[in-house]
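Report on one structure; see the data block that follows.
The values are calculated or read from the model by the stated rules, or taken from the named source; none is laboratory data. What you are looking at is a predicted structure, and each value in this text was computed from that prediction instead of being measured. Virtual Cβ from ideal backbone geometry, glycine too; neighbours counted across all protein chains shown.
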Amino acid sequence: MNKPLRQTVLALGLGWGWLGAQSQSFVEAFNQALTYDRTYLSAVAERNLGLQDANRAGLVYLPGASVENGRAPFETHSRTTYQVTQPLIDMDKLANYREMTGREAYTQATFAVKELDLARKIYKLVSQWVQLKEMESLALQEAQALDKQVQRAARRFELGSGSVIDVTTAQVQYTQAMARYQALQADITFAQQRYLSATGLQTVQIFVKPDYQRAASFELPQALIDRDVALSPTILQAKAQVEFAQLGLTRARNAYVPTVNAIYRTTHFNGAQDIYKGVQISMPTGLSAYSLSARQRAELDIQKAEAALAEAMEQVRLESVSGGFSLKAYAQEMAYRSKAVEISQATVASTEKAYEAGVAKATDVVNAILASFDVQRQRLNLHMTLSEQSLSYQLSKGVKPADAMTLTQSLFTP
């Protein structure tokens with residue numbers, strides 16, 4: 001092994017081992033992001049504001065009180081009036097009251113969607129790191145194998161049984177492998193910074209690796225397959241939008257219904273007291289083309305919300321159906337990919353022996369090495385696709401992000 005490659009291999013080993021401490025997992029990274037990710041914390045604040053608005057909506061039918069003090073220019077004493085008003089019939093306030101439950105459900109569903117977004121984000125950050133480190137490791141292993149072939153070809157050339165082309169061919173491919181390794185360094189650094197930015201940690205301590213055997217036998221739990229897609233936060237959010245639109249139509253229809261309030265008023269003036277108890281009726285006026293079009297607008301808003309709900313339900317249904325078939329197909333493909341890796345590695349070993357015995361060409365060895373590592377990279381990419389699909393499938397079924405992360409994490413090994 002040449003000196004630069006030896007130094008690179010040593011650096012890679014230190015890079016994985018110097019932290020030595022506890023390894024972070026998908027679930028741990030997600031939990032950490034819950035307390036640090038800026039986008040998610042903003043969503044928490046929005047949820048709290050939404051819940052506060054929902055609670056305020058329940059207060060609209062409580063009585064209101066007012067105090068007025070003053071005197072007319074011709075009066076010599078101040079007049080103080082206390083008034084309590086209790087809404088009896090107020091369609092706008094009634095609609096606000098009915099929104100209380102719907103607004104809370106909408107707020108919670110919207111927040112749940114933000115949690116799904118965070119789960120996908122953290123998965124991508126962690127899986128990208130794992131994939132890049134695996135790609136880095138494969139590039140170095142490939143370089144090591146090609147470096148050995150360079151040494152073998154050089155010895156054959158010195159003994160007069162090989163050609164300089166055999167040496168340079170292996171050297172070119174070795175240099176290419178090292179170039180792939182170097183090209184990965186910028187991607188690894190960027191992935192590290194994105195991960196640290198989302199979690200607030202000082203170092204990346206993720207050492208999990210793909211579990212190809214587990215992936216090849218991966219099956220979805222039956223309870224997850226049977227889970228109703230209507231529990232998806234995306235659908236719940238769309239349903240709440242429909243309810244809001246329907247309340248908007250109720251408002252438009254009742255815009256000219258009289259408002260009725262119970263009044264209790266007491267006035268104090270010059271030592272005397274006047275008490276009034278009665279009912280106040282307010283009849284809305286001011287018909288206009290704009291106000292009359294409000295009902296039509298509300299009806300269009302309902303159509304829009306219902307169309308959005310239908311689209312959300314169909315999208316979640318398709319994700320559920322296609323996701324289930326895809327996961328099954330990916331698992332079956334993984335079994336073939338893993339078998340291909342075994343065969344390719346055996347081919348490399350047998351071709352190297354044949355070359356040493358003089359019955360195989362140098363290019364046969366180089367090609368076998370390149371083919372073997374190409375197959376390994378394809379298997380790695382497939383594993384990442386399978387794990388991402390497993391997470392998406394669970395989230396589309398309304399599984400809590402932390403639970404979805406746990407099942408996805410089972411596709412990796414410490």
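Looking at ALA238, is it within 30 Å of ASP90 (Cα to Cα) and surrounded by fewer than 19 Cβ atoms within 10 Å (Cβ to Cβ)?
Numbers: within 30 Å of ASP90 (Cα to Cα): yes; surrounded by fewer than 19 Cβ atoms within 10 Å (Cβ to Cβ): no.
Criteria not met by ALA238.
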When you go through (1) surrounded by 15 or more Cβ atoms within 10 Å (Cβ to Cβ); (2) over 30 Å from ALA29 (Cα atoms); (3) not small (Gly, Ala, Ser) one by one for LEU159, which number turns out not to apply? (1)
Specify which of the listed residues (ALA371, ALA308, ALA349) is modelled with pLDDT of 95 or more, in contact with a helix residue (DSSP H, G or I) (Cβ under 7 Å, 6 or more places away or on another chain) and surrounded by fewer than 18 Cβ atoms within 10 Å (Cβ to Cβ). ALA371
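Could you go through region 314-325 and let me know if any residue there is in contact with a Leu (Cβ under 8 Å, 6 or more places away or on another chain) and crowded, with 16+ Cβ neighbours inside 10 Å.
Keep residues of region 314-325 that are in contact with a Leu (Cβ under 8 Å, 6 or more places away or on another chain), which gives 324.
Filter again for crowded, with 16+ Cβ neighbours inside 10 Å, leaving 324.
Yes, that holds for at least one residue.
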How about region 357-414: which of its residues are assigned to a helix (DSSP H, G or I) and of a type in the set (D, E, K, R)? ASP364, ASP374, ARG377, ARG379, GLU388, ASP403
Under 8 Å by Cβ, and 6 or more places apart or on different chains, what pairs join a residue from region 177-202 that is farther than 12 Å from ILE122 by Cα with one that is among the aliphatic types (A, V, I, L, M) and surrounded by fewer than 17 Cβ atoms within 10 Å (Cβ to Cβ)? GLN202/LEU196
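One line per residue, one yes/no per condition, for (1) aromatic (Phe, Trp, Tyr); (2) closer than 30 Å to ALA360 by Cα; (3) in contact with a helix residue (DSSP H, G or I) (Cβ under 7 Å, 6 or more places away or on another chain):
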position: ASP147; (1), (2), (3): no, yes, yes
position: THR168; (1), (2), (3): no, yes, no
position: ASP187; (1), (2), (3): no, no, yes
position: LEU224; (1), (2), (3): no, no, yes
position: VAL229; (1), (2), (3): no, no, yes
Being over 46 Å from the mean Cα position of the chain (by Cα), within 17 Å of ASP147 (Cα to Cα) and among the small types (Gly, Ala, Ser) is the filter here, so list the residues in region 348-379 that pass it. ALA362
Exactly one of THR85, THR107 is surrounded by fewer than 16 Cβ atoms within 10 Å (Cβ to Cβ) and of a type in the set (Val, Ile, Thr), and that residue is THR85
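For region 40-93: of the residues being closer than 30 Å to THR110 by Cβ, of a type in the set (Ser, Thr, Tyr) and modelled with pLDDT of 85 or more, which is farthest from the chain's Cα centre (by Cα)?
Our first condition is that a residue be closer than 30 Å to THR110 by Cβ; within region 40-93, this holds for 40-62, 87, 90-93.
Still in the running and of a type in the set (Ser, Thr, Tyr): 40, 42, 61.
Checking the rest, the ones that are also modelled with pLDDT of 85 or more come to 40, 42.
Details: TYR40: 10, SER42: 15 Å.
Of everything passing the filter in region 40-93, SER42 is farthest from the chain's Cα centre (by Cα).
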Consider region 219-277. How many of its residues are touching a residue at least 60 places away in the same chain (Cβ under 8 Å), among the polar types (S, T, N, Q) and more than 30 Å from VAL321 (Cβ to Cβ)? 7
Taking region 60-72 on its own, how many of its residues are surrounded by 11 or more Cβ atoms within 10 Å (Cβ to Cβ) and within 21 Å of ARG103 (Cβ to Cβ)? 2
Specify the residue that is modelled with the lowest pLDDT; the eligible residues are those in region 94-107 that are under 29 Å from the mean Cα position of the chain (by Cα) and not aliphatic (A, V, I, L, M). THR101
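Can you spot a residue in region 73-82 that is more than 23 Å from ASN31 (Cβ to Cβ), among the acidic types (Asp, Glu) and not in a helix (DSSP H, G or I)? I'd like the intermediate steps shown before the answer.
Here is the first cut: in region 73-82, the residues more than 23 Å from ASN31 (Cβ to Cβ) are 73-82.
Imposing the further condition that a residue be among the acidic types (Asp, Glu) reduces the set to 75.
Next, from what is left, pick out any that are not in a helix (DSSP H, G or I): 75.
Checking region 73-82: at least one residue is more than 23 Å from ASN31 (Cβ to Cβ), among the acidic types (Asp, Glu) and not in a helix (DSSP H, G or I).
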